[in-house]
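Novice: Take this structure, written in structure tokens, and hold onto it; I'll ask about it next.
The values are calculated or read from the model by the stated rules, or taken from the named source; none is laboratory data. Here the structure is a predicted model, which means the values were calculated and not measured. Positions of Cβ are backbone-derived with ideal geometry, glycine not excepted, and every protein chain shown enters the neighbour counts.
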Amino acid sequence: RHHGDRPRSKHALQDCEPWLLIKTKMGRRFVHNPVTSESFWRIPQDVLPAVLALEQSEREQQEKTENAVWAERQLRHMRPQQPPAGGDAATASVRAANLPTRTTTYGYDSDGSYEEVEVTDSEDEHILATEDMPEGIDTSGEQQQDHSATLPNAPVEFGEDDIAYQLAAMGADYELDAGEYGDEPEAGWEAGAEGLDLTEEDATNLFRDLLDDHRISPFVPWDKVIADDSETSILNDDRYTVLPNMKARREVFDTWARDKAAQVKVERATLHKLNPKIPYLAFLEERANPRLYWPEFMRKYKREAVMNDRTLSDKDREKLYRDYIARLKLPESKRQADLQSLLHSIPLGSLNSQTTVDSLPEQVLSHVHYISLPPKARDVIIAAHIRSLPAGPDDREAQDATTVGMHSDDRRRREQALADREAKVRGERKREAMVQERAKRELREGEGELERDTA
């Protein structure tokens, strides 16, 4: 269908190297990886954020260009043509007689920017007359008095104090703090005006807090984590943007996943020592077969460590095996209901909203109902149940109060730094709105002046 279409341009995607966005002559687009020679019309999920950011940047740049062209065109219509310079005083007098009732000279407006301003015929005659005066005669004082007398509403040149006062007034109108407008004074802002600095370490720890708060499993790959587009996804959390790019996020996630996985393994090893049923049930889930009777199963795996653990008797092992094989023959709906009943029976102190699928309590892991469902279906039921639970009782008294207080203080400081960072971003947006509003107001005033001159 598009046999005549050809690539027109290529654009590098920030934080997604070596992927490129290719645009064709017919306005289509696709992504290309020059390293693997892969090309996709349907943009992959891990590349899509960079493509959207690039297109948003291009749209903003195009809008700025169009606004600048439009403003320049309006200013050209608003400003009359400058009369040609040169000639002697007599020629200038003749030209002055043929000029319109209003001519153009130059000066500074109230903002301190250089622009053309209009003067009346009487002022124009005065300017031409001063050209005939001998050199060395200073008429600046007379001109200044004449202008002040004839133009009581002439523009006033603003100084630095006036500009600072205007900035403060505009900042108050837009509810900006002292650190959110203007340049930094020599003495610096007063304490707290610009908020706390968000260091690289703070940003890393905030991202780790994000992963902990969203109960992300350390055994789930990063690509699957960012592919989640639900309301509870980490992409919708403000802390997701504290790190500058996708590469930094992935590096922090990998480090966090290694640390978290090691912690989970230590906790599981502790549980296995406390309750020998847990490793034995995990072994049954992996190796048990409904076609094998208990004597056959025991004979086949008699050399396994879990089959020789003396803390669990052979009679208990046989009972658990027969219960598990019998439950596999039940309908899945029945097994799901039994698992939900088991979860509801666990006290809130052991199973609450702070629990994760990877850190389930001993009462769950040591029950045959837990291994009676496939892991995928089982994890969905457990995760849904955990989301419906409230927070557990405060067990900080059993912990080291000093350590808990130190960690909570560090977290509060990081969250305050993040809040200050977001406030700074809001301040920048407010400043942009101020600049745009001021430009629009000046443009409206110029259009009104042009209409009055035309009338």
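Novice: Search segment 12-41 for residues being in a loop (DSSP other than H, G, I, E, B) and of a type in the set (Gly, Ala, Ser), and hand back the single one that is nearest to Lys247 (Cα to Cα).
Specialist: Taking the candidates together, the pick is Ser37.
Novice: Sticking with this structure for a sec: Check whether at least one residue in segment 207-226 is within 30 Å of Arg317 (Cβ to Cβ), surrounded by fewer than 13 Cβ atoms within 10 Å (Cβ to Cβ) and not assigned by TED's automatic domain parsing to the domain that holds Asp15, and report yes or no.
Specialist: yes
Novice: Pairs under 7 Å by beta carbon, first residue closer than 21 Å to Lys265 by Cα in segment 339-361, partner of a type outside the set (Val, Ile, Thr) and part of a helix (DSSP H, G or I), six or more apart or different chains?
Specialist: As it stands, the answer is Ser350/Gln363; Leu351/Leu343; Val357/Asp379; Val357/Ala383; Ser359/Glu267, since those pairs meet every condition given.
Novice: I'm checking my understanding of the structure. Among residues of segment 273-304 that are of a type in the set (A, V, I, L, M) and modelled with pLDDT of 90 or more, which one is surrounded by the most Cβ atoms within 10 Å (Cβ to Cβ)?
Specialist: Leu281
Novice: List the residue pairs whose Cβ atoms are under 6 Å apart, where the first residue sits in segment 431-455 and is surrounded by fewer than 10 Cβ atoms within 10 Å (Cβ to Cβ), the second is among the hydroxyl-bearing types (Ser, Thr, Tyr) and part of a helix (DSSP H, G or I), and the two are 6 or more positions apart or on different chains.
Specialist: none
Novice: Limited to segment 372-394, what total is found for residues that are within 23 Å of Arg322 (Cα to Cα) and either assigned to a loop (DSSP other than H, G, I, E, B) or touching a Lys or Arg at 6+ places or on another chain (Cβ under 7 Å) (or both)? Walk me through how you get there before you give the answer.
Specialist: We begin by selecting, within segment 372-394, every residue within 23 Å of Arg322 (Cα to Cα); these are 372-375, 377-378.
After this cut, where a residue has to be either assigned to a loop (DSSP other than H, G, I, E, B) or touching a Lys or Arg at 6+ places or on another chain (Cβ under 7 Å) (or both) as well, the list is 372-374.
Matching residues across segment 372-394 total 3.
Novice: Name every residue in segment 322-350 that is among the hydrophobic types (A, V, I, L, M, F, W, C) and either modelled with pLDDT of 90 or more or assigned to a helix (DSSP H, G or I) (or both), in order of residue number. Before the answer, list the steps.
Specialist: Narrowing segment 322-350 to residues among the hydrophobic types (A, V, I, L, M, F, W, C): 325-326, 328, 330, 337, 339, 342-343, 346, 348.
Ile325, Ala326, Leu328, Leu330, Ala337, Leu339, Leu342, Leu343, Ile346 - these are the residues of segment 322-350 that are among the hydrophobic types (A, V, I, L, M, F, W, C) and either modelled with pLDDT of 90 or more or assigned to a helix (DSSP H, G or I) (or both).
Novice: Of Arg303, Arg317, Arg322, which residue is more than 27 Å from Asp379 (Cβ to Cβ) and either assigned by TED's automatic domain parsing to the domain that holds Leu271 or not small (Gly, Ala, Ser) (or both)?
Specialist: Of the residues listed, the single one that is more than 27 Å from Asp379 (Cβ to Cβ) and either assigned by TED's automatic domain parsing to the domain that holds Leu271 or not small (Gly, Ala, Ser) (or both) is Arg303.
Novice: Separate question: Taking the condition in the same structural domain as Asp358 (by TED's automatic domain parsing) and under 22 Å from Pro374 (Cα atoms), does Pro331 pass?
Specialist: In short, yes.
Novice: Here is a follow-up. Go through segment 223-243 and report how many residues are closer than 25 Å to Ala417 by Cβ, of a type outside the set (D, E, K, R) and without any contact (Cβ under 8 Å) to a residue 40 or more places away in the chain.
Specialist: Total meeting the criteria: 8.
Novice: Is it the case, given these coordinates, that Val435 is β-branched (Val, Ile, Thr) and modelled with pLDDT under 75? So that I can check it myself, show each step before the final result.
Specialist: On the way: β-branched (Val, Ile, Thr): yes; modelled with pLDDT under 75: no.
Taking the combined requirement at face value, the residue does not satisfy it.
Novice: Would you mention how many residues in segment 295-321 are closer than 17 Å to Val368 by Cα, part of a loop (DSSP other than H, G, I, E, B) and not aliphatic (A, V, I, L, M)?
Specialist: Residues in segment 295-321 being closer than 17 Å to Val368 by Cα, part of a loop (DSSP other than H, G, I, E, B) and not aliphatic (A, V, I, L, M): 1 in total.
Novice: Another one. For segment 3-50, give me each residue that is closer than 22 Å to Ile226 by Cβ and of a type in the set (D, E, K, R).
Specialist: Asp15, Glu17, Arg29, Glu38, Arg42, Asp46
Novice: Here's another thing I want to ask about it. Could you list, ordered by first residue, the pairs with Cβ atoms under 7 Å in which the first is in segment 203-218 and without any contact (Cβ under 8 Å) to a residue 60 or more places away in the chain and the second is basic (Lys, Arg), at least 6 apart or interchain?
Specialist: Phe207/Arg239; Phe207/Arg249; Leu210/Arg239
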